[in-house]
1. Among Phe55, Phe206, rank each residue by its count of other Cβ atoms within 10 Å, from fewest to most, as a rough exposure measure.
2. Just rank Asp129, Asp173, fewest to most, by other beta-carbon atoms within 10 angstrom.
3. Compute the signed sum of charges (Lys and Arg +1, Asp and Glu -1) over the other residues within less than 12 Å, Cβ to Cβ, of Lys6.
4. Mean separation of Cα pairs under 8 Å and 6+ residues apart, divided by the residue count of segment 3-124: what relative contact order is that in percent?
5. Distance in nm between label sites at Leu134 and Glu73, each 7 Å beyond Cα in the beta-carbon direction?
6. Treating each Cα of the chain as an identical point scatterer and ignoring solvent, apply the Debye formula and state log10 I(q)/I(0) at q = 0.10, 0.15 Å⁻¹.
7. Under a Cβ-only charge scheme (Lys and Arg +1, Asp and Glu -1), can you give me the dipole magnitude of segment 1-75 about the Cα centre, in debye to the nearest 20?
8. I need the semi-axes of the equivalent ellipsoid of segment 98-143: take the C-alpha gyration tensor, multiply each eigenvalue by 5, square-root it, list largest first in whole angstrom.
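Each reported figure results from applying straightforward, stated rules to the coordinates on display, with no laboratory input. Only a predicted model underlies this, so the values are computations on that prediction, with no experimental measurement involved. So basically every Cβ, Gly included, is an ideal-geometry build from the backbone, and we count neighbours across all protein chains shown.
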Amino acid sequence: MTKKYKTKMEDSFKTKVQLFLFDKAFSWDNLDENGCNDYYIMSNIETIKKDFKNFEVTNEVANLYSSKYYQLELNSDKSKIKHKGKELSIMIIEQRQYFVQKSKEFTEILDALEKEYENDFEEKFSETDFNKMLDKTTCSYCGISLAQIEELGKNGKLNNKRSDTRGYTLEIDRKLPNLEYSEENCCMACYWCNNAKTDEFSPKEFKPIAEGIRKAWNERLKQIGKAEIEYKSDEKFWKTDFDTKMNPKIK
């Protein structure tokens with residue numbers, strides 16, 4: 001297993017854990033002080049592993065977590081979230097996640113879950129498919145190729161001050177940043193598109209920005225007498241939005 005593949009597997013695991021803890025916080029009512037603590041113990045690990053395996057990272061949960069939970073004020077009376085038939089205050093949700101992660105047995109629980117997750121991840125996104133994606137040489141968003149980036153650099157047409165670490169290689173981007181890493185949810189992007197898209201925009205929202213970046217590249221390529229970007233638009237790719245359901249490939 002390569003270091004890059006393992007790193008993305010670990011990042012994907014962290015994403016699922018964050019959303020699992022958030023979603024699980026709604027398993028108990030506001031006034032239930034013991035349910036959460038009684039659940040996250042090693043003597044209950046088989047149930048936790050089963051629940052974690054069956055937990056699906058959906059757009060509903062991911063969007064609720066990023067666009068509501070993270071945007072509301074912690075101490076506001078209006079800071080409440082409805083999910084799974086319950087309405088919890090942000091404070092309760094925060095406390096349940098915090099105390100679970102600070103518990104003595106949580107590290108042991110995480111280790112057990114990660115071992116299980118490794119097999120699931122390899123089924124959803126095999127290292128073979130991962131490496132095929134890494135072999136791509138053009139940005140999925142603006143379409144610039146590594147060869148064109150090289151030419152721009154050699155001719156003084158790049159202003160990136162981080163070229164020693166970023167810029168001359170493509171980077172892995174999650175189309176929908178709050179979902180797990182999977183073959184369907186990942187693509188290769190140039191440093192500039194990846195940096196501009198961040199975790200804020202879906203491909204659908206980012207399309208006009210990518211078109212602007214492509215236009216700027218083409219102007220620079222023309223200035224040095226090089227061919228413009230040949231970009232073939234993929235309509236399905238550009239329709240990907242925060243309500244798009246991802247179906248990880250299961251072999």
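1. The fewest-first ordering by Cβ neighbours comes to Phe55, Phe206.
2. Fewest-to-most ranking of Asp129, Asp173: Asp129, Asp173.
3. That works out to -3.
4. Reported as a whole number, the value is 36 percent.
5. It works out to 4.7 nm between the two label points.
6. -0.60, -1.09
7. In total the dipole reaches around 740 debye.
8. Rounded to whole Å, the semi-axes are 35, 15, 6.
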